[in-house]
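Heads up, the thing below is written out as structure tokens.
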Amino acid sequence: MIKKPREKSVRLLTLEAAMRRVPLEHPQYKQIEKEHARLHYGFVGEKALDYYLTFLPNKNSQLLHGLRIEDPLNRFFQMDTLLITPAYCLILDSKYISGTLEFDETTNQLIRHRGEEKEKFGDPLSQVERQRYQLSLWLDKNNFPPLPIASQIVLTHSNATLTKATPSLMKKVTFHTNLPNKLQTIDNFKYPPLLDKSNFRKIAKVLIKKHTPDEFSLLKYYGIPYHELKKGVVCPGCAYLPMLQKQGNWICRNCGLYSKTAHIENLMDYKLLVGNMITNRIIRDFLLLPSPSVANYLLNSLELPVQGTNKGRKYLLTQFKL
Ligand SMILES: [Zn+2]
């Protein structure tokens, strides 16, 4: 049973907003594009797991995706997928990387070989070990029994091959197509159940409650001042900017699309890139609205919480979602 669905991280959503708002010719655009691609394909890889996760051998399983929690020493850790049964936990870490891959078991590094060239992809074996340790600390701190924690690195790209696949490595790493067999092998250990019905329900509830989404101040990170962003409403159909405002409709001059709601997702760009507070003047500037009364009309239609009155009125985007 999926207890926490897979969603794009705030970091990925922010990078998507930046791809729309940072001009192509900006010196930081290439860096943003690279980081966006890394997270985008990471997400594609995680989603590639989902089909194989429908083959769960233990029907009494809870799945939590993209969980980010704090260990007792205030260190956050994030797991692509956490599977919980009454008898054990399993952490899955997906790697969406194509090509000939080697896990160096001495240095723990993941390396891609291209002819003579070597490209490093971090240290997923140590990373998942760390997650196991931090989860065990978390269980203890939150008064849950010491469930055994298994882990698997799952290679999710269909064009990935492994070189030097030793038996000891294949205990820790698998291809996504083989995940059902791996799940079965782990379940066959027949660990004794440590969680009773009420604790089994409670553990997912507490984990979801403690989930803390990552925060990412992209403009600060890349040193981009607000005024360098592209302004206006981006067309949801063809990404052309800016759309024209006519009698409550947004009209795209490029593809002819009409929309009554295009400003809403564009306001999300503002929230992700700039912040949780907006005024009449700011929304006019960011969405290139023709007048204060149009801005007023849009802001009132969104029914946002407000602070202050008249000219000093501030609208809060804290709870604003698509
Ligand atoms: Zn368009």
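The values are calculated or read from the model by the stated rules, or taken from the named source; none is laboratory data. For clarity, every value in this text was computed on a predicted model and none was experimentally measured. Cβ: placed from backbone, ideal geometry, glycine included. Neighbour counts: every protein chain shown.
Computed values, structure above
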| quantity | calculated |
| --- | --- |
| Flag if residue 204 is under 30 Å from residue 140 (Cα atoms) and crowded, with 18+ Cβ neighbours inside 10 Å | yes |
| Some residue of the range 214-229 being basic (Lys, Arg), more than 16 Å from the ligand (Cβ to nearest atom) and in a loop (DSSP other than H, G, I, E, B) | no |
| Matching entry among 274, 234 (being over 21 Å from the mean Cα position of the chain (by Cα), under 30 Å from residue 5 (Cα atoms) and surrounded by 18 or more Cβ atoms within 10 Å (Cβ to Cβ)) | 234 |
| Helices (runs of 4 or more DSSP H) wholly inside the range 254-314 that include at least 2 residues being within 18 Å of residue 232 (Cβ to Cβ) and within 16 Å of the ligand (Cβ to nearest atom) | 262-273 |
| Single residue of the range 39-75 satisfying the filter (loosely packed, with under 13 Cβ neighbours inside 10 Å and not aliphatic (A, V, I, L, M)) that is farthest from residue 90 (Cα to Cα) | 74 |
| Failed item in (1) out of contact with any Ser or Thr (no Cβ under 6 Å at 6 or more places or on another chain); (2) surrounded by 21 or more Cβ atoms within 10 Å (Cβ to Cβ); (3) within 21 Å of residue 11 (Cβ to Cβ), with residue 150 passing the rest | (3) |
| Qualifying residue in the range 242-249 (condition: free of Cβ contacts under 8 Å to residues at least 40 places away in the same chain, within 16 Å of the ligand (Cβ to nearest atom) and among the aliphatic types (A, V, I, L, M)) | yes |
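Matching residues to (1) in the same structural domain as residue 312 (by TED's automatic domain parsing); (2) among the hydroxyl-bearing types (Ser, Thr, Tyr); (3) in contact with a Gly (Cβ under 8 Å, 6 or more places away or on another chain):
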position: 241; (1), (2), (3): yes, no, yes
position: 245; (1), (2), (3): yes, no, no
position: 254; (1), (2), (3): yes, no, no
position: 261; (1), (2), (3): yes, yes, no
position: 282; (1), (2), (3): yes, no, no
